[in-house]
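Below is one structure, written out as structure tokens; comments come after it.
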Number of protein chains: 2
Amino acid sequence: MSRPVRVLGIDPGSRTTGFGIIDLVGREYQYVASGCIRTIPNDELAGRIGVIVQHIDEIIETYRPNQAAIEQVFVNVNPKATLMLGQARGAAIAALVLRGLPVHEYTALQVKQAVVGQGKAAKEQVQHMVVNMLKLSGTPQADAADGLAVALTHALRGYGLAGRLGGLAIKGGRFQI
Amino acid sequence: MSRPVRVLGIDPGSRTTGFGIIDLVGREYQYVASGCIRTIPNDELAGRIGVIVQHIDEIIETYRPNQAAIEQVFVNVNPKATLMLGQARGAAIAALVLRGLPVHEYTALQVKQAVVGQGKAAKEQVQHMVVNMLKLSGTPQADAADGLAVALTHALRGYGLAGRLGGLAIKGGRFQI
């Protein structure tokens, strides 16, 4: 029996990085884990980056995903905030590629379209759909839900392979199950 | 005999990341290595970050520095360029902290003041001083010279420890030898 596809989704942030892990079993999604990586406020940059990469490394070690998806970040008007967000995102991608994980990128628009069905969805709608699709008993924290939403987007879009494999019917960003 | 202090200096960039390694032997600096890490133009982000982290990882594996210093980057007016530079810098710091290296940050102003003696120095002056201080037979490429300059800055500023140790006489950012 082949190993199921296990996706690690990351929603990067300079203060909080959300993550979510799902399995695709047949054509069903199963929740595996989710959570938030929080950096220490006012810690120096190397310390904050250390927290992000070490936690992502532990998550990979523990759950052994075979695919990774990361949200493309909003380009802020504040250059310092943009730089900080870029550094956090670069560190997260570094942790993924150092473990040999293929990394796929999705915009916030793609995530909302895939999970909610329309690009202007509110954060609460994303959380709501994540709870529904993964049959969760509680609502995960917003950043953790975003991590799960990115992982679901990667699954819903055919793991970036649908076009090549031609075996998955995709319409409007959702599988037709 | 204790191991000499070996500093890896990094000048991060979205296209080219310069690096330089120096040893402090007694109160002398010795050149160890320097070079440039070039990402593949138009490669996807994960590929470019992969090149940066894997090369830094190899450099650490090969030369085994025990200190790291990285230049603080210029906050660009172009948000996309700032984000990209942030991602490259975050990836470089991630590679350093994952190897357990203490990372110190220096602004371009601090580097120029430490190496040339004044903050408004041109790039060529930095290269010239790096060649002089390390008694090099040729001039390293600009990004490699910047990597060496960051490493020298860390040494000249007492490895970020001078204030605590109180054992090094520093004036105007330079050791008094």
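Report, to the nearest 10°, how far helix B:142-156 tilts away from the longest principal axis of the Cα atoms in chain B, using its own Cα long axis and a range of 0 to 90°.
40
Provide the percentage of antiparallel DSSP beta bridges, counting only those with both residues in the protein assembly as shown; round to the nearest 5.
Approximately 70 percent, going by the DSSP bridge assignments.
Using DSSP to define loop residues, name the GluC sites (Glu not before Pro) in segment A:1-84 whose beta-carbon has at most 16 other beta-carbon atoms within 10 Å. Please list the in-between numbers first.
Working: sites: A:28, A:44, A:58, A:61, A:71; in loops: A:44.
Counting only loop positions with at most 16 other Cβ atoms within 10 Å, the GluC sites (Glu not before Pro) in segment A:1-84 are A:44.
Round to the nearest 10 and give me the degree value, 0 to 90, for the angle of helix B:45-63's Cα axis relative to the longest principal axis of chain B.
30
As a test of the formula, what do you get for chain A when each DSSP H run with n ≥ 4 contributes -39,500 (n - 2.57) and the sum is divided by the residue count, at 222 nm and rounded to the nearest 500 deg cm²/dmol? Each step should come with its number before you reach the end.
Values: 6 runs with 77 residues, N = 177.
My calculation for chain A gives -13500 deg cm²/dmol from helical runs alone.
Run a plain Debye calculation on chain A (Cα atoms as equal point scatterers, no solvent) and give log10 I(q)/I(0) at q = 0.12, 0.16 Å⁻¹, rounded to two decimals, same order as the q list.
Summing over Cα pairs of chain A leads to -0.52, -0.92.
Assuming a strict under-17 Å limit between Cα atoms, what lysine pair count do you get for the protein assembly as shown once near-sequence pairs (fewer than 8 apart, same chain) are dropped? Walk me through the numbers on the way to the answer.
Details: A:80/B:80; A:112/A:120; A:112/A:123; A:112/A:171; B:112/B:120; B:112/B:123; B:112/B:171.
Close lysine pairs found across the protein assembly as shown: 7.
Roughly how tilted is helix B:123-133, in degrees to the nearest 10 and between 0 and 90, from the longest Cα axis of chain B?
The angle comes out at about 40 degrees.
Looking at chain B, which longest stretch skips every one of the trypsin sites (Lys or Arg not before Pro) that is in a DSSP loop with at most 12 other Cβ atoms within 10 Å, leaving the sites themselves out?
On the way: sites that count: B:27, B:120, B:135.
No qualifying site falls inside B:28-119, the longest such stretch.
With 29 Å as the cut-off, how large is the P(r) tail for the protein assembly as shown, expressed as percent of Cα-Cα pairs?
Values: 27480 of 62481 pairs.
That fraction is 44 percent.
Quick one: of the DSSP bridges fully inside segment A:5-166, what percent are antiparallel, nearest 5? Don't skip to the answer; put the middle values down first.
Numbers: 17 of 25 bridges.
So the antiparallel bridges in segment A:5-166 amount to around 70 percent.
Considering the zone a paramagnetic label at residue B:107 would reach in this model (a point 7 Å from Cα along the Cα-to-Cβ line), which residues of segment B:62-83 have amide N under 15 Å from it?
Output list for this probe position: B:71-76.
Values in this text are rule-based calculations from the coordinates and carry no lab data. Since this is a predicted model, take the numbers as computed values, not measurements. Cβ atoms come from the backbone with ideal geometry, glycine included; neighbour counts cover every protein chain shown.
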